[in-house]
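First up is the structure itself, then whatever we jot down about it.
Where a number appears in this text, it was derived from the coordinates with a stated rule and is not lab data. If you're wondering where the values come from, they're calculated on a predicted model, not measured in any experiment. Neighbour counts run over all protein chains shown; Cβ positions are idealised from the backbone, glycine included.
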Amino acid sequence: MPKTLLEKIWDSHVIPTKKENNGGPFLLYIDRHLIHEVTSPQAFDGLRLNSRKVRRPDLTFATMDHNVPTIGRSFPLVDQTSSVQIQTLAQNCREFGITLFDIKNPNQGIVHVIGPELGITLPGMTIVCGDSHTSTHGAFGTFAFGIGTSEVEHVLATQCLWLDKPKTFAINFTGRRKHLHAITAKDMILSVIRNIGTSGGAGTVIEYKGETITELSMEQRMTICNMSIEAGARAGLIAPDEITFNYIRGRTYAPQNEEFEKMVDFWRENLKSDYHASFDKSITVNINDLAPQVSWGTNPSMVIDVTSSVPYPEEFAKGNENERKSALHALRYMGIEPGTPITNIPIDRVFIGSCTNSRLEDLLEASIVIKGRKVSAKVRAMVVPGSQQVKTQAEKIGLDKVFKDAGFEWRESGCSMCLGMNSDILASGERCASTSNRNFEGRQGRGGRTHLVSPVMAAASAIEGHFVDVREWL
Amino acid sequence: MEPFRIIKSKAIPLDMVNVDTDQIVPKQFLKLVQKTGYGRYLFYDWRFDKNGKPISNFVLNDPKYAGRQILLTRDNFGSGSSREHAAWAILDYGFRAVIAPSFADIFYNNCFKNGILPIMLSHKEVDFMFLNADDMEIEVDLSNQQIIMAGPKIINFEIDESRKKKLLEGLDEIGITLQFDSQIAEYEKRNSKFIASHN
């Protein structure tokens, strides 16, 4: 019987117990476990409490990203509670023999940036992390998903998880982007979430397919898979191809040379949905007329074209009274009037970073927009590279200078203002054009107002002090 | 984990869709290294103003709802971040069950790990419960998968058998999995080439 990519990865990871005969849940083997300082301390406590050890420390990798400062990294950190959390992770990794890329390590960075960058993430694997954006790794043809701390403890102790088999959801992209630099992967995924809603993918793993997808770079594919969770999906997947294999080849933790090429042969042969495989659900999205997307509300489905105006709650809700109330609430929080052209809305801050859009290509694209220009006097703008490696590479080609000359702050790597667990936050009422993934209330700081955009849109908005159609710039 | 027993309580109605885990526990409270004590941070930014004073028109601050053990809410509850702190806060505040038409996947899972019962009902049933939430006594009987209200009005709900069993017995899931140690070891042996880390 023809199988989807998810089904192939799933079947090859189920450990025989008797439960699968009754329809589940299934015991699934986990190939890689990524951990960070915020969602792991209680899991290690649980292990100690029950005198358990980590089954496969060699398959577990740790870094510090969520609450690390992006300036002033010498210990003791100014923020003492963050300091304790960071030191707790270091202590736990020492005690249990886990590889840690700590705050001083040249491989430190956002967990979903460094996994792929170091070749820890490989096609066909199962990968988990106590972070919902683990879906990012699906760009490699990997079944990767976020888990809670109890499950982190479970994976540490057993290298397995009990799971119900997710449903499969195919999103077929057709058409071509009219502006290869101005219309980005971020716009593609925002438009999907806008269409299917924040629970449109619930209970499913989305496989992104079609020629439009195969033309994307790995960075762009990661942006798309990253935001699968914003559509409520368990994970996102893209079948690996030559672009994937070329990206991985030679990376530190990947198999090397002949051994790698043998793996590639296997991946090429096996890691794709069969032609006749049936999905539980599928849609087609044509991107010929896709415009740059900007979010206006407080969840990632509240998005419009940059050429449009902020919708009226009735218009957004399409007859759903609960959604109407939610849009009304969102407009009040965001402090904007329906009917306002989005390009008329002034911004105070710009954040280029996060596991969605902080890789070298993201920074490079944004730098093209700002080169030779100056950030508006009314705007404070910041670039937070996704990892120390991204930062070093960017500096090698002079991007730090381009950003700094334009008036951007150039920081050390981490999650930073995407979730504001460090001191990089918005003040109440401040409005931010952000390349991150969540525009939830208070996400970037209590009372802060987040508008999700692509890196090039964020860059252009920084220059102008309000949203602009970046197609006119590139 | 405490075994799940029958709950008898009224519900607190939180009439909002898409309540994300950033609202359930804002990020400034994720820096703690323990599992307990998060109840005071539940819905913090909605419950307290920036000076820490209770915001009077938020439901949790309404004295008539004090001490209720059931949270009644709308679609897609618990979306966004995977933070289990959200489940810890709900439990620590005193809730043992959350009723909604739908939940986000990760949050739904996290509930079961902490002895909280998330119940999915139809929109119509949830609407009915909202209409009557203020005064209606509710009995949640997990064994029989029933919600029993005055009348009596009975609503049956669906739940996965293995999850139900774990809640009712308060089982240690890791302990159960470790009983499959030989199967896991066998899997690792068979697939060592694919699993191996290369450095």
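A few comments on the model shown:
- Distance between modelled label sites at B:Asn51 and B:His123, nm, 7 Å Cα→Cβ extension: 4.2 nm
- Helix-only CD estimate at 222 nm, as mean residue ellipticity for chain A, using -39500 (n - 2.57) per DSSP H run (n ≥ 4): -9500 deg cm²/dmol
- Residues A:Phe316, A:Phe403, B:Phe107, ranked from the fewest to the most other C-beta atoms within 10 Å, line up as A:Phe316, A:Phe403, B:Phe107.
- Along each principal axis, Cα extent of the protein assembly as shown, largest first, Å: 72, 60, 56
- Linear extension gain, A:Asn344 paired with A:Lys104, 0.36 nm per residue minus alpha-carbon span: 82.1 nm
- Projecting the Cα atoms of B:Thr36, A:Ile30, B:Gln179 onto the charge dipole of the protein assembly as shown, computed from C-beta unit charges around the Cα centre, puts B:Thr36 farthest toward the positive end.
- Which of A:Ser82, A:Ala202, A:Leu118, positive extreme of dipole for chain A (C-beta unit charges): A:Ser82
- Placing unit charges on the Cβ atoms of the charged side chains and taking the dipole of chain A about its Cα centre, the candidate lying farthest along the positive direction among A:His451, A:Gly146, A:Gly420 is A:Gly420.
- Principal axis box of segment B:1-111, alpha-carbon based, largest edge first, Å: 37, 33, 27
- Peptide B:172-181 has a mean of 6 when you count, residue by residue, the C-beta atoms of other protein chains within 10 Å of its C-beta.
- Cut-off 19 Å (backbone N to label point 7 Å along Cα→Cβ of B:Ser143), residues of segment B:149-176: B:149, B:154-171
- Partner lysines whose Cα lies under 16 Å from the Cα of A:Lys391, excluding those fewer than 8 positions away in the same chain, are identified as A:Lys104, A:Lys401, A:Lys404.
- Long-range HN-HN contacts of A:Thr174 with modeled amide H, under 5 Å: A:Val285, A:Asn286, A:Ile287
- The alpha-carbon positions of segment A:133-250 define a convex hull whose volume is 114 Å³ per residue.
- For segment A:376-474, the extents of the C-alpha atoms along the principal axes are 37, 32, 22 Å, listed from largest to smallest.
- Estimated FRET transfer efficiency when R0 is 60 angstrom, pair A:Glu269-B:Lys153 (beta carbons, to 0.05): 0.55
- Straight-line cross-link reach from A:Lys318 at under 20 Å between alpha-carbon atoms covers these lysines, not counting any fewer than eight positions away in the same chain: B:Lys124.
- Cα-derived Rg over Rh, computed across segment A:1-72 with Rh taken as Kirkwood radius: 1.11
- Taking the fewest neighbouring Cβ atoms within 10 Å as the starting point, the ordered list for A:Val383, B:Val19 is B:Val19, A:Val383.
- Rg and Dmax of segment A:275-367, Cα atoms only, in Å: 16.8, 51
- Only the Cβ atoms of Lys and Arg (+1) and of Asp and Glu (-1) were treated as charged; on that basis the dipole of chain B about its Cα centre amounts to roughly 480 debye.
- Spacing of the modelled spin labels on A:Arg332 and A:Asn246, each 7 Å from Cα toward Cβ, amounts to 5.3 nm.
- Only Cα sites of segment A:1-145 enter the Debye sum here, all with the same form factor; the resulting log10 I(q)/I(0) across q = 0.13, 0.14, 0.15, 0.19 1/Å is -0.65, -0.73, -0.82, -1.17, listed in q order.
- Taking other Cβ atoms within 10 Å as a rough exposure proxy, A:Arg443, A:Arg431 sort from fewest to most as A:Arg431, A:Arg443.
- Using the Cβ-Cβ distance between A:Asn22 and B:Asp135 with R0 = 51 Å, the FRET efficiency computed as 1/(1 + (r/R0)^6) comes to roughly 0.75.
- Only Lys, Arg (+1) and Asp, Glu (-1) charged, at Cβ; segment A:81-197 dipole about Cα centre in debye: 680 debye
- Assigned charges on the beta-carbon of Lys, Arg, Asp, Glu; the protein assembly as shown dipole about Cα centre (debye): 840 debye
- The calculated FRET efficiency for A:Asp11 paired with A:Ala377, based on their beta-carbon distance and R0 = 60 Å, is about 0.55.
- 5 Å binning of all Cα-Cα separations within chain B, expressed as whole percents from 0 upward: 1, 7, 14, 18, 18, 15, 10, 7, 5, 3, 2, 1, 0, 0
- Projecting label points 7 angstrom from Cα along Cα→Cβ for B:Ile6 and A:Thr307 puts them 6.3 nm apart.
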